[in-house]
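**Q** Before we start, here is the structure in question, set down as structure tokens.
What follows draws every value from the coordinates through simple rules; no lab data is involved. What you see is a predicted model, and the numbers here were worked out from it, not measured in a lab. Glycine gets a Cβ as well: all are built from the backbone with ideal geometry, and neighbour counts include every protein chain shown.
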Amino acid sequence: MPLFRSLVLAIARHPTVERLARETPFLVPLVTRFVAGETMQEALAVARALADRGFTTTLDLLGEDVRTPTEAAAATEAYAELLQAIARCGIDATISVKPTHLGLRLDPELARLNLERLARLAQRLGGRVEVDMEDSSTTRKTIELFDRLHCTYGDHLQLALQSYLYRTEQDIERAVERGWRIRLVKGAYAEPPTVAYPSKAAVDAAYRRHMEALLEYGRFVAIATHDDAIIRVARGFARRIGVGPEKYEFQMLYGVRRDLQDALRRAGEPVRIYVPFGRHWYPYFTRRLAERPANLLFLLRQLLPRG
Ligand code: FDA
């Protein structure tokens, strides 16, 4: 899988491939399966519909790697509007932000100011900002940024950690020590074997270790996966050690394993759906393709001439 992922992400980065993908109408059904729409209104409508079915949500305005401070300011402003709109709607929804969307790669201090603005607003409105984790070139800076702001904004912030990284073992210890709320994910980027486990089996084993440590000793863990086996282990483990839903929730991506989302909800488990929206869908979409060969095959079948 890591090899498949690296290959798909490398091909997808090619400007011609991106241009073709953006222009082909055949892609629309597959993109709209994973992306809730282009506007905040569309995303809020999806969040409301999910709330009616018993799901909470986290809304992600798609975008990453901004090139200027002005772009970072525009993203921050849009996220501030989103936090306010969520509070007005009265739904249980958080926002998910990528540090490089707020300017982390340009200047960590700029990203801090932007994230702090959102954290302050979330604190005032009783909301929460979830900080996504991006590729490993940003991990250290993202964790430093989170650590600094967590001292002031506490549970109004939550951090994603990726089990595929070797360093996450120590990051979990730090999270437990500092009382951070964590979203645990396997990891979606193409990483070299010098920083990340190269096999799926090793990533899954690491995920189970991290999940059990967070359930047992952590402040709160969002178990963000569609992996049936891991979800079964998590539910059994939580029951055995007497941990209830005030200390965990499941999180899944919009459009992925809807059957499992519904089944967990019916079983009374807390499930939060990650709802991405916006015009900059391409990098997010390619990571979803790279997660599953069947998605890519479906796409190729749409692109091939019929007859
Ligand atoms: P795994 O890849 O083993 O998949 C388990 C099963 O889920 C598959 O067999 C398949 O049935 C289904 N499935 C998984 N992906 C699918 C897809 N794209 N299309 C269709 N079916 C699919 N990553 C990251 O690096 N930083 C982050 O901040 C986040 N944030 C995040 C939030 C939430 C709510 C989720 C659920 C995931 C993330 N991720 C992420 C992505 C994560 O790292 C990981 O790439 C995906 O969740 C896929 O891994 P699974 O844990 O689902 O397991």
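**Q** Which residues, taken from segment 68-94, are among the β-branched types (Val, Ile, Thr) and either in a loop (DSSP other than H, G, I, E, B) or under 21 Å from Glu144 (Cβ atoms) (or both)?
**A** Thr68, Thr76, Ile91
**Q** Let me ask something else about it. Do we find a residue being within 15 Å of the ligand (Cβ to nearest atom) and surrounded by fewer than 23 Cβ atoms within 10 Å (Cβ to Cβ) anywhere in segment 169-184?
**A** There is at least one residue in segment 169-184 that is within 15 Å of the ligand (Cβ to nearest atom) and surrounded by fewer than 23 Cβ atoms within 10 Å (Cβ to Cβ).
**Q** Among the residues of segment 262-290, count how many are small (Gly, Ala, Ser), in contact (Cβ under 8 Å) with a residue 40 or more places away in the chain and more than 10 Å from the ligand (Cβ to nearest atom).
**A** So the answer is 1.
**Q** Could you tell me which residue of segment 206-223 is nearest to the ligand (Cβ to nearest atom), considering only residues that are of a type in the set (A, V, I, L, M, F, W, C) and in contact with a strand residue (DSSP E or B) (Cβ under 7 Å, 6 or more places away or on another chain)?
**A** That would be Ala222.
**Q** Among strands (runs of 3 or more DSSP E) lying entirely in segment 102-218, which contain 2 or more residues that are closer than 21 Å to Phe250 by Cα, touching a residue at least 60 places away in the same chain (Cβ under 8 Å) and in contact with a His (Cβ under 9 Å, 6 or more places away or on another chain)?
**A** No strands (runs of 3 or more DSSP E) qualify here.
**Q** Against the definition (farther than 24 Å from Ala188 by Cβ, touching a strand residue (DSSP E or B) at 6+ places or on another chain (Cβ under 9 Å), crowded, with 22+ Cβ neighbours inside 10 Å and not basic (Lys, Arg)), how does His156 come out, yes or no?
**A** It is true that His156 is farther than 24 Å from Ala188 by Cβ, touching a strand residue (DSSP E or B) at 6+ places or on another chain (Cβ under 9 Å), crowded, with 22+ Cβ neighbours inside 10 Å and not basic (Lys, Arg).
**Q** Across segment 224-261, what is the number of residues that are farther than 29 Å from Arg48 by Cβ and within 13 Å of the ligand (Cβ to nearest atom)?
**A** Qualifying residue count for the region: 4.
**Q** Only one residue in Asp65, Asp60 is within 30 Å of Pro198 (Cα to Cα), out of contact with any helix residue (DSSP H, G or I) (no Cβ under 7 Å at 6 or more places or on another chain) and not in a helix (DSSP H, G or I). Which one?
**A** That would be Asp60, the only listed residue that is within 30 Å of Pro198 (Cα to Cα), out of contact with any helix residue (DSSP H, G or I) (no Cβ under 7 Å at 6 or more places or on another chain) and not in a helix (DSSP H, G or I).
**Q** Got at least one residue in segment 187-205 being touching a strand residue (DSSP E or B) at 6+ places or on another chain (Cβ under 7 Å) and near the ligand (Cβ under 9 Å from one of its atoms)?
**A** yes
**Q** Can I ask one more? Please find, among Thr138, Thr168, the residue that is polar (S, T, N, Q), touching a Pro at 6+ places or on another chain (Cβ under 8 Å) and under 23 Å from Leu3 (Cα atoms).
**A** Thr138
**Q** What single numbered condition from (1) closer than 23 Å to Arg124 by Cα; (2) surrounded by fewer than 14 Cβ atoms within 10 Å (Cβ to Cβ); (3) in contact with a helix residue (DSSP H, G or I) (Cβ under 9 Å, 6 or more places away or on another chain); (4) not polar (S, T, N, Q) fails to hold for Arg88?
**A** (3)
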